[in-house]
């Protein structure tokens, strides 16, 4: 038996690891880059959010595309299996806010080194710097792969772990989708997920970079509430970004979607409590201008965007505010509307939504239902999740399951 694994990311390495445990033949891993795990090096802003410290059911709930498909994979190789395997290969880990698991060193390179150590513990033959141009089948059964130098490698099984289309400079340029399509698989149109949003409204204020903490959002798509979250976000020169915005982006399906974000800048305060606070500020200094009042409540870069949405004269003394004018300011602080003009490009996305249709993959083995001996693992599959380490766990679990079978 000979198995070829296409792609040297986490999914491919996990497939090589579990396949080697079977010890039933030769395993060859082919990575078109000169080195392995290039995309992993830049995840989590160079820290690498390895996985999440939650139970398996919570892991499944984190998925925004085809969660039921992942039951077998997540239960076969769990997030705790991931941590144990990496720690057994020299990596110390820690748990941070939201259950996010990082290397203790805060260095993604240490995670890369642990995975390289895992691969070296197997008998896998590694080929780097060569691209698989074609996967060949005969009578709906895998017979081999052809490389970019026209070398043909006969094999019985192929695991496609080529990634998606995000961060193409790392090698995830979507070429695996073409291979799968050529073999008769349906590809759900790839699009950006876990990505920032473009907003001309925000861009017009020329805010270079403003990080907001402890805010909440409701996102409406075509008039329907699709997502709510609390945490950190960012306003910048092109629109909005940050963890809660990236997670919200998973629910934007089409370019024609009408998307609106309702931002609560003071979620810890009810409208009444915020109103009372403003009244106290005015009593302490009746000659405060509205701009000065907002400066006590907001970062300076947010003052103009808020003022532009209220009908109150900005030069008015706060002591002259009518009740309804004060309540209007409160409403804007609690529900500032941001019009979204689209998602940023897939090249900037953390993951790809879309990919090989899960209805054509056996969820218990990751084998193709169309071609015997063809398996899929990782981002090439139409499965993705929120931020928090869940997407990398998809790669580990599907890779492990594919190699095991």
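The values are calculated or read from the model by the stated rules, or taken from the named source; none is laboratory data. Bear in mind the structure is a predicted one, so any value in this text is a computation, not a measurement. Ideal geometry is used to build each Cβ from the backbone, glycine not excepted, and the neighbour counts take in all protein chains shown.
What the table below lists for this structure:
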| item | result |
| --- | --- |
| Flag for residue 207 being within 21 Å of residue 384 (Cβ to Cβ) and either surrounded by 17 or more Cβ atoms within 10 Å (Cβ to Cβ) or out of contact with any helix residue (DSSP H, G or I) (no Cβ under 9 Å at 6 or more places or on another chain) (or both) | no |
| Residue match in the stretch 383-400 (condition: without any contact (Cβ under 8 Å) to a residue 40 or more places away in the chain and either over 20 Å from residue 116 (Cβ atoms) or in contact with a strand residue (DSSP E or B) (Cβ under 7 Å, 6 or more places away or on another chain) (or both)) | no |
| Qualifying residue in the stretch 64-78 (condition: at pLDDT 95 or above, part of a helix (DSSP H, G or I), assigned by TED's automatic domain parsing to the domain that holds residue 358 and in contact with a strand residue (DSSP E or B) (Cβ under 8 Å, 6 or more places away or on another chain)) | yes |
| Any pair with Cβ under 6 angstrom, 6 or more apart, that starts in the stretch 82-95 at a residue that is assigned to a helix (DSSP H, G or I) and ends at one that is modelled with pLDDT of 95 or more | 82/51; 82/396; 83/93; 86/114 |
| Test set (1) under 30 Å from residue 38 (Cα atoms); (2) not assigned by TED's automatic domain parsing to the domain that holds residue 67 - residue 306 fails condition number | (1) |
| Count of the stretch 357-386 residues which are under 25 Å from residue 167 (Cβ atoms) and surrounded by 23 or more Cβ atoms within 10 Å (Cβ to Cβ) | 14 |
| Residue 48 in contact with a helix residue (DSSP H, G or I) (Cβ under 6 Å, 6 or more places away or on another chain), in a loop (DSSP other than H, G, I, E, B), at pLDDT 95 or above and farther than 22 Å from residue 162 by Cβ | no |
| Failed item, numbered, when residue 98 is tested on (1) modelled with pLDDT under 95; (2) exposed (fewer than 14 other Cβ atoms within 10 Å of the Cβ); (3) farther than 29 Å from residue 357 by Cα; (4) in contact with a helix residue (DSSP H, G or I) (Cβ under 9 Å, 6 or more places away or on another chain) | (2) |
| Test set (1) in a strand (DSSP E or B); (2) within 15 Å of residue 344 (Cβ to Cβ) - residue 262 fails condition number | (2) |
